[in-house]
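Asker: Okay, here's the structure, questions in a sec.
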Amino acid sequence: MMLHIKIAVVFIWFALLGSANATTITVNPGDSIQAAIYASSAGDTILVNGGTYYEHLNVNKPLTITGQNMPILDATSSGCAIVVSADGVFLKGFKTINSGRWPNDGSEEAGIQVISNDCIIEGNNASNNSNGILITDGNNNTITKNIASGNLGFGIKLTHCHGNSVFENNFYRNHGGNAYDSGTNRWDNGTIGNYYGDFNSSEQRCTNANDNGICDFSRAIPGGSSIDSHPSIYPLNF
């Protein structure tokens with residue numbers, strides 16, 4: 001018993017030590033966000049100030065990366081602007097543009113691509129890319145309060161993944177489709193789903209008898225069996 005107690009104390013000590021050693025790195029226009037990622041350690045926070053950054057990011061550590069005043073990541077018509085390849089990443093507050101091989105479809109490229117698990121993608125604007133947000137082989141991620149519009153492919157596309165939660169986002173005016181899901185994922189939180197520009201009128205079976213801003217009928221998500229049980233009639237305010 002005493003041995004078990006000592007082992008537990010050691011684990012707690014290492015956990016507290018790791019938390020105490022977490023640092024915050026600030027990135028300004030002219031600096032490299034990827035260099036900050038290289039210099040960081042797991043659990044660190046990277047704050048990116050507003051401006052335009054011509055980079056292709058690979059987030060390969062569990063980090064918190066937050067944009068201040070919506071910094072722009074311009075992928076210069078090649079590749080993904082952001083690839084989240086580590087589990088446990090929190091990404092918030094970025095605008096991504098020009099991902100993919102323009103004018104080709106760039107079907108496997110996106111403003112934000114997630115290929116990992118247990119991440120939170122919140123409050124980003126993934127517009128004017130090949131795809132807006134692409135989740136590939138990533139499970140149990142939360143995608144919320146994002147905008148994806150004007151993309152050549154999909155606003156959001158989920159393939160080969162399960163257990164993701166997608167809710168309270170705006171997907172509209174995407175040329176390939178606003179949403180696609182070939183797996184089994186959740187598209188509402190039990191109260192609110194997402195706004196889709198192609199599902200917001202009575203002609204599209206989106207009626208609102210009780211005038212609460214939520215469609216009375218579910219929206220089937222193309223690609224599989226997933227549904228949004230609470231799609232919004234109006235664009236959501238975040």
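The values are calculated or read from the model by the stated rules, or taken from the named source; none is laboratory data. Not measured: the values here are computed from a predicted model. Here the Cβ is made from the backbone with ideal geometry for all residues, glycine too, and neighbour counts use every protein chain on show.
Asker: Would you check which residues across segment 53-78 are among the β-branched types (Val, Ile, Thr) and under 18 Å from LYS92 (Cβ atoms) and list them?
Answerer: Those that are among the β-branched types (Val, Ile, Thr) and under 18 Å from LYS92 (Cβ atoms): VAL59, THR64, ILE65, THR66, ILE72.
Asker: Working only within segment 164-179, note down all residues that are more than 14 Å from the chain's Cα centre (by Cα) and either surrounded by fewer than 24 Cβ atoms within 10 Å (Cβ to Cβ) or of a type outside the set (S, T, N, Q) (or both).
Answerer: TYR172, ARG173, HIS175, GLY176, GLY177
Asker: What single numbered condition from (1) assigned to a loop (DSSP other than H, G, I, E, B); (2) in contact with a strand residue (DSSP E or B) (Cβ under 8 Å, 6 or more places away or on another chain); (3) farther than 24 Å from GLY51 by Cβ fails to hold for GLY155?
Answerer: The number of the failed condition is (1).
Asker: Restricting attention to segment 158-181, which residues are β-branched (Val, Ile, Thr) and farther than 12 Å from ALA148 by Cβ?
Answerer: THR159, the sole residue that qualifies.
Asker: Working only within segment 31-75, note down all residues that are surrounded by fewer than 15 Cβ atoms within 10 Å (Cβ to Cβ), hydrophobic (A, V, I, L, M, F, W, C) and over 15 Å from the mean Cα position of the chain (by Cα).
Answerer: Selection gives ALA35, ALA39, ALA42.
Asker: Does ASN210 count as surrounded by 22 or more Cβ atoms within 10 Å (Cβ to Cβ), without any contact (Cβ under 8 Å) to a residue 40 or more places away in the chain and either more than 13 Å from SER232 (Cβ to Cβ) or out of contact with any helix residue (DSSP H, G or I) (no Cβ under 8 Å at 6 or more places or on another chain) (or both)? Please lay out each step first, then the result.
Answerer: Values: surrounded by 22 or more Cβ atoms within 10 Å (Cβ to Cβ): no; without any contact (Cβ under 8 Å) to a residue 40 or more places away in the chain: yes; either more than 13 Å from SER232 (Cβ to Cβ) or out of contact with any helix residue (DSSP H, G or I) (no Cβ under 8 Å at 6 or more places or on another chain) (or both): yes.
So ASN210 fails the test.
Asker: On the given criteria, is GLU109 closer than 22 Å to ASP74 by Cα, under 16 Å from the mean Cα position of the chain (by Cα) and at pLDDT below 95?
Answerer: Yes.
Asker: Counting residues that are acidic (Asp, Glu) and closer than 27 Å to ASN139 by Cα, which strands (runs of 3 or more DSSP E) fully inside segment 161-226 reach at least 1?
Answerer: Hits in segment 161-226: 177-181.
Asker: Among the residues of segment 213-238 satisfying the criterion of being at pLDDT 95 or above and among the β-branched types (Val, Ile, Thr), which is surrounded by the most Cβ atoms within 10 Å (Cβ to Cβ)?
Answerer: ILE221
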